[in-house]
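Colleague: Okay, handing you the structure first.
The values are calculated or read from the model by the stated rules, or taken from the named source; none is laboratory data. This structure is a prediction, so every number in the text was calculated from the model and none was measured. Because the Cβ atoms are built from the backbone with ideal geometry, glycine has one as well, and the counts that use them run over all protein chains shown. Please note that ligands, DNA and RNA were not included when accessible areas were found on the heavy atoms of the full protein model with its side chains. Shrake-Rupley method; radii C 1.70, N 1.55, O 1.52, S 1.80 Å.
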Amino acid sequence: MTQTKPSKLINWQSKLNKAAHHTSDYSSTELILRRGQPFNISLNLKTTAQSWDNFTFIASTGNLPRATKAVFSLSEEGSNGWSATQESSEPRCLSLSILSPADAVVGRYKLQLQVLAGNKLSSKVLGHFVLLFNPWCPDDDVYMANEKERQEYVLNDSGIIFQGVEKDIQEEAWNYGQFEEDILDISLAVLDRSLNHREDPALDVSRRNSPVYVSRVISATVNSNDDKGVVEGKWSGRFRSGTNPLRWSGSVTILRRWHRARYRPVRYGQCWVFAGVTCTVLRCLGIPTRVITNFNSAHDKNLNLSIDKYIDVSGNNLHLSEDSVWNFHVWNESWFVRRDLGSFYDGWQVLDATPQERSKGIYQCGPASTRAIKEGDVDLDFDSPFVFAAVNADCVTWIRYSKKRKERIYSDTRKIGKFISTKAVGTNARVDVTDNYKYPEGSLKERQVYKKALKLLGVKRPGKRSRIPRSRRGFSRAQPEQTPSISGKLLLDASPVVGQDILLTLTLKNLISDFKTIKVKLKASKRGKFCFCFITVKEISFKISYSQYKNSLVDDRKILVTAVCQMKRGASLLNPVNVEVTFTNPLCEEVTDCVLRAEGSGLLKEQLVERMAPMETSTVEFEIIPYRSGTRQLQVDLVCTHFSDIKGFVMLHVAPTQ
């Protein structure tokens, strides 16, 4: 067998083939094709062939000697599904239609021609072409039936990534640029730089026919944690040794910088950067992909579907749990068939290149079927428990009084997974896709799915696993969830503007009919603390002045405001109870010679008499020690010469001694 230089006698019919294969936008002179679809070439021969049956073609991808090869001829289809058909012929000219199978390996191919003449076998390298996934081919696993969706999720080279908070969703433009010069070569290099390829190149290439496999590899290689991938993440501190993630506006510069620096990770990225780059690479390879933003996104470190937050009595955050909640988190969805799971799980698949947790020992996430997430099928590949928790975990808040004593004060089943958003097809509008991930919050079906997921994960009950992490073993058992007796809502009086004071109002609502005294501590923090205390209130207005927060803002310009509302403890037998009585003078003149009397059976053995100072508003504090349990009545009577007796009472439930 003799080898010759690549032939100049082939006509790739590049313009026609690219138009037919929807690849005309790629900035490359190389022929770029999609699998499962025929392409045409013409061969200009030096001599007239005696028989076209002596022609054999070899299409190979990957590195020799273990390249993935397809051998086929004009007379019969190859064993790998490749075939060649003679379209027409003239003396010394052969027009062919070559068809790759719809499950062919994607990548850069070398096409060779072998000609048998007598006993002599000669081989010519005809040239190279790139083969991509084909969303236009019904037999391809990435087939997408709707042309408008194909235009959006494969061919659109720009888009919108939603950010912010659930009540103030913002849109940021992103340049995907999948057709720009060098981006296809760099996208193929992303695959070649993966750990899988370095460990076993031949096996890796042979598996690149599957969008499940390719997308999972991309989710690992876009981040730099294991394999010196494209982007290095950074979430705190300054970015002097790299680029602030907020300054990126597209993927092209990032990918080119990574490639030109000989695959040194680009500094720095956060979730939207990882998702933007992932979208570029996957669209470039032909997999329909979009960017998803999940507001109030949970990071459930121990996969118990409970995001536990610990605070002290002043509202300070205690870092006793590794769980966290992102105000927003961005990932990707790609569209393809799940032959490994069954047709029910076909469609949109979640991929997350942001390095949060290891999966199979590598920082990668997905693909996880959105159908599996919605139905609570968290036992299915890949990483469905992590994604389920991101959109469906419960938030549990605890007050920690001491190392041995904590109290669960609130459990919120609706906070996580809000306004899950993506760009609309054909416009820049926001589309809410929350229904793709879960049933309506608070519905019976949603709770049934949540309990199903708990069972599949082996979680005995919310907030508690069968094996308690060592760092948590000193805590007491979780108390059963109680219905809150008060509710609160913290509202901005107006949209905050940097340089101006921030005005807020906390409104408290008593959910049951008994009287309560509430102590409220308000704290606003971003490296700073501002505390306000009020007693027995229904509404609190407060201000964070610009001078208080101006030196504490970081790049995201967010201020966390926390309100801790503590209901004063109920009375119990033989234990002291502090009582406060407040009187406001309605008259325009000073009131003097006032006496407060208090009495109550089982509460005070004798009538209590307290003098009140001259006042506009006056508060008298005294202590009672209940000596009988049960429901008791405490009466107060203000005696004053300026007006008739003013009386009031409150009912107290005195609990027996524990």
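Colleague: Do you know which residues across region 620-645 are among the β-branched types (Val, Ile, Thr), open to solvent by 70 Å² or more (accessible area, probe 1.4 Å) and part of a strand (DSSP E or B)? Quick ask: steps written out before the conclusion?
Modeller: Here is the first cut: in region 620-645, the ones among the β-branched types (Val, Ile, Thr) are 620, 624-625, 631, 636, 639, 641.
With the extra rule that they be open to solvent by 70 Å² or more (accessible area, probe 1.4 Å), the set shrinks to 625, 631, 641.
If the condition is that a residue be among the β-branched types (Val, Ile, Thr), open to solvent by 70 Å² or more (accessible area, probe 1.4 Å) and part of a strand (DSSP E or B), then Thr631 is the only one that fits.
Colleague: Take the residues of region 133-173 that are aromatic (Phe, Trp, Tyr) and within 27 Å of Asn209 (Cβ to Cβ): which is nearest to the chain's Cα centre (by Cα)?
Modeller: It comes out as Tyr153.
Colleague: Give the number of residues within region 25-45 that are surrounded by fewer than 15 Cβ atoms within 10 Å (Cβ to Cβ) and either within 19 Å of Glu87 (Cα to Cα) or free of Cβ contacts under 8 Å to residues at least 24 places away in the same chain (or both).
Modeller: Selection size over region 25-45: 2.
Colleague: Among (1) of a type outside the set (Gly, Ala, Ser); (2) open to solvent by 20 Å² or more (accessible area, probe 1.4 Å); (3) closer than 27 Å to Asp103 by Cα, which single condition is Asn225 missing?
Modeller: Failed condition: (3).
Colleague: Restricting to region 387-403, what's the tally of residues that are touching a residue at least 12 places away in the same chain (Cβ under 8 Å) and more than 13 Å from Val325 (Cβ to Cβ)?
Modeller: 7
Colleague: Which residues, counting only those in region 586-603, are farther than 15 Å from Met651 by Cβ and surrounded by 18 or more Cβ atoms within 10 Å (Cβ to Cβ)?
Modeller: Selection gives Val591, Cys594, Leu596.
Colleague: Among the residues of region 400-440, write down those that are farther than 30 Å from Ser314 by Cβ and either in a strand (DSSP E or B) or of a type in the set (Val, Ile, Thr) (or both).
Modeller: Phe419, Ile420, Ser421, Thr422, Lys423, Val425, Thr427, Arg430, Val431, Asp432, Val433, Thr434 - these are the residues of region 400-440 that are farther than 30 Å from Ser314 by Cβ and either in a strand (DSSP E or B) or of a type in the set (Val, Ile, Thr) (or both).
Colleague: Select from region 410-447 the residues that are touching a residue at least 60 places away in the same chain (Cβ under 8 Å), open to solvent by 40 Å² or more (accessible area, probe 1.4 Å) and among the β-branched types (Val, Ile, Thr) and list them in ascending order.
Modeller: Residue satisfying the conditions is Val425 alone.
Colleague: Please go through region 292-306 and pick out each residue that is open to solvent by less than 10 Å² (accessible area, probe 1.4 Å) and either assigned to a strand (DSSP E or B) or polar (S, T, N, Q) (or both).
Modeller: Selection gives Ile292, Thr293, Asn294, Phe295, Ser297, Ala298, Asn304, Ser306.
Colleague: Right, next: Output the residue which, of all residues in region 373-399 that are in a helix (DSSP H, G or I) and touching a Leu at 6+ places or on another chain (Cβ under 8 Å), is nearest to Tyr410 (Cα to Cα).
Modeller: Asn392
Colleague: How many residues are part of a strand (DSSP E or B), open to solvent by 10 Å² or more (accessible area, probe 1.4 Å), of a type outside the set (Phe, Trp, Tyr) and touching a residue at least 40 places away in the same chain (Cβ under 8 Å) when one looks only at region 318-350?
Modeller: Going through region 318-350 one residue at a time, the tally reaches 3.
Colleague: Against the definition (over 21 Å from Ser219 (Cβ atoms), in contact with a strand residue (DSSP E or B) (Cβ under 9 Å, 6 or more places away or on another chain) and of a type in the set (Asp, Glu)), how does Glu149 come out, yes or no?
Modeller: When the stated conditions are applied, Glu149 passes them.
Colleague: Sticking with this one: Val337: in contact with an Asp or Glu (Cβ under 8 Å, 6 or more places away or on another chain), modelled with pLDDT of 95 or more and of a type in the set (Val, Ile, Thr), yes or no?
Modeller: yes
Colleague: Please go through region 356-372 and pick out each residue that is buried (at least 24 other Cβ atoms within 10 Å of the Cβ) and part of a loop (DSSP other than H, G, I, E, B).
Modeller: Those that are buried (at least 24 other Cβ atoms within 10 Å of the Cβ) and part of a loop (DSSP other than H, G, I, E, B): Gln364, Cys365, Gly366, Pro367.
Colleague: If you don't mind, another one. Take the residues in region 373-407 that are open to solvent by 50 Å² or more (accessible area, probe 1.4 Å) and of a type outside the set (Asp, Glu), then tell me which one is nearest to Ala298 (Cα to Cα).
Modeller: Going through the qualifying residues, I end up with Arg400.
Colleague: Restricting attention to region 127-164, report how many residues are surrounded by 15 or more Cβ atoms within 10 Å (Cβ to Cβ) and outside any loop (DSSP other than H, G, I, E, B).
Modeller: Looking only at that region, the number is 17.
Colleague: Also, quick follow-up: Would you check which residues across region 258-287 are more than 24 Å from Gln356 (Cα to Cα) and either at pLDDT below 95 or surrounded by fewer than 24 Cβ atoms within 10 Å (Cβ to Cβ) (or both) and list them?
Modeller: Within region 258-287, His259, Arg260, Ala261, Arg262 qualify.
Colleague: Hey, another quick one. From the set of residues in region 499-527 that are open to solvent by 80 Å² or more (accessible area, probe 1.4 Å) and at pLDDT 85 or above, which is farthest from Glu580 (Cα to Cα)?
Modeller: Gln500
Colleague: Look through region 52-75, keep the residues that are open to solvent by 40 Å² or more (accessible area, probe 1.4 Å) and more than 30 Å from Pro201 (Cβ to Cβ), and return whichever of them is modelled with the highest pLDDT.
Modeller: Asn54
Colleague: Let me ask something additional. Listed residues Val579, Val609; which is within 25 Å of Ala655 (Cβ to Cβ) and part of a strand (DSSP E or B)? Lay out the reasoning, then the answer.
Modeller: Details: Val609 fails: within 25 Å of Ala655 (Cβ to Cβ).
Testing whether each residue is within 25 Å of Ala655 (Cβ to Cβ) and part of a strand (DSSP E or B) leaves just Val579.
Colleague: Which count do you get for residues in region 79-96 that are open to solvent by less than 20 Å² (accessible area, probe 1.4 Å) and in a strand (DSSP E or B)?
Modeller: 3
Colleague: Please specify each residue of region 133-157 satisfying the condition of being in contact with a Gly (Cβ under 8 Å, 6 or more places away or on another chain) and closer than 14 Å to Thr289 by Cα.
Modeller: Selection gives Phe133, Asn134, Pro135, Val142, Lys148, Gln151, Glu152, Val154, Asp157.
Colleague: If a residue has to be under 18 Å from Ala84 (Cβ atoms) and among the charged types (D, E, K, R) to count, how many in region 104-136 make the cut?
Modeller: 2
Colleague: Any idea how many residues of region 52-78 are assigned to a strand (DSSP E or B) and free of Cβ contacts under 8 Å to residues at least 12 places away in the same chain? Full working, then the answer.
Modeller: First, the residues of region 52-78 that are assigned to a strand (DSSP E or B): 55-61, 68-73.
Subset that is free of Cβ contacts under 8 Å to residues at least 12 places away in the same chain: 69.
Going through region 52-78 one residue at a time, the tally reaches 1.
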